[in-house]
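Below is one structure; the comments refer to it alone.
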Amino acid sequence: MTSGGDAPGMNAAIRSVVRASAFHGVECVGIYRGYQGMIEGDFQVMGPRSVHNIINKGGTVLKSARSKEFRTSEGRKKAYEALKRENVDALVLIGGDGTFTGGLIFNQEYGFPVMGIPGTIDNDIYGTNFTLGYDTALNTVVEAIDKIRDTASSHDRLFFIEVMGRDAGHIALNAGVGAGAEEILIPEENLGLDRLLESLERSKRSGKSSSIVVVAEGDKIGKNVFELKDYVEQNHPDYDVRVSVLGHMQRGGAPSCFDRVLASRMGVKAVESLLEGKSNYMVGVRDARMMLTPLEEAVKGKSEINQELLRVSNIMTI
Ligand code: F6P
């Protein structure tokens, strides 16, 4: 099942779970539309051939949804009954922390074995260095910023570019460094409006005629990206400022090779861990090795921002 916001690499993970199950002689059933499809019994038996030609596709062939009904105990009861009717013994949940929280509650209530695969572009899950879709999203963002830089430079403009990430600044920090942004605003670091102005003035004094500021959507500077534009224009009428909100294009597109390989590894690890009798874990990759993290820790833990990269980004913006 895929649930929550989709992410490139989810299809590669579905393919891996289906094929790893077949390899071990276990029948695999796909659940459409996340927890909502689980409640409605929207199931499809899947074999190795039903997942051909999807490793390279963005989105999720199983579709995704954020189900309100599954948040209720009646909804979860319906889901349990539907799974029992279909003779399902265990769940592989591909999604983010909302998906895992649902899985944990379901396990507590019905003792259903669950295994999580982290799939979200935000990379905000504790217990894995990388979530599925993050690498692809970074490449998409960097490509978009490169293009914006061309026009920013032609017109000597300052651009505020808002990127996704929910409450986390991983996409902003990594893509910002990768695209050579002049400033990066992330929720984990409160730069403050005065320091932002100082930094822009410093950039100008150092001879830069155009600038790119990457803003994480969850940034806590207190202003949204359009208010930031107004603030800078009020204080510096000489700046020609534009805003670009990259939005959902960050969630689409063919997964990168990194995400396809990661998804293939995670799918196998998830199925084999369930077959070993393990439950309530999330599969992850740490220091290039596949690891399991208790689902509860994955939900409660915080994925820390890379302080060394933050320092690098500060040095690069000199
Ligand atoms: O979690 C993935 C994500 O794309 C976040 O970066 C963003 O805040 C959110 O989902 C957007 O959700 P929706 O697609 O429901 O608008």
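Considering only VAL163, VAL243, VAL142, the Gaussian network model of the chain with Cα springs below 10 Å gives its largest mean-square fluctuation to VAL243. Taking amide H positions as modeled 1.01 Å from N, with prolines and chain starts lacking one, the residues under 5 Å from VAL245 and 5 or more places away or on another chain are GLU162. Each other residue within a Cβ distance under 11 Å of ASP122 adds +1 if Lys or Arg and -1 if Asp or Glu, for a net charge of -2. Expressed as a fraction of 2.2 N^0.38 Å, the C-alpha radius of gyration for region 176-222 is 1.14. When each of the peptides 213-220, 192-199 is scored by the mean number of other C-beta atoms lying within 10 Å of its residues, the order from highest to lowest reads 213-220, 192-199. Solvent-accessible surface of the chain, taken per residue with a 1.4 Å probe and all protein chains present: 46 Å². Shape of region 218-318 from the C-alpha gyration tensor: prolate (a/c of 1.5 or more and a/b above b/c, with a ≥ b ≥ c the square roots of its eigenvalues). Principal axis analysis of the Cα atoms in region 127-200 yields extents of 41, 28, 16 Å, listed in decreasing size. For region 135-251, the share of accessible area belonging to carbon and sulfur comes to 43 percent (1.4 Å probe, ligands and nucleic acids excluded).
Checking the a/c ratio against 1.5 first, then a/b against b/c, what shape does the Cα gyration tensor give for region 135-251? Judged from the Cα gyration tensor, region 135-251 comes out oblate (a/c at least 1.5, b/c at or above a/b). Helix-only arithmetic for the chain: the sum of -39500 (n - 2.57) across DSSP H runs with n ≥ 4, divided by the residue total, places the mean residue ellipticity at 222 nm at -13500 deg cm²/dmol. Considering all different alpha carbon pairs of the chain, the Kirkwood hydrodynamic radius works out to 20.6 Å. Across all C-alpha atoms in region 6-154, the radius of gyration and Dmax reach 17.4, 63 Å.
The values are calculated or read from the model by the stated rules, or taken from the named source; none is laboratory data. Small disclaimer: the values here were computed from a predicted structure and weren't measured. Ideal geometry is used to build each Cβ from the backbone, glycine not excepted, and the neighbour counts take in all protein chains shown. Side chains included, ligands, DNA and RNA excluded: accessible areas come from the protein's heavy atoms. Shrake-Rupley method; radii C 1.70, N 1.55, O 1.52, S 1.80 Å.
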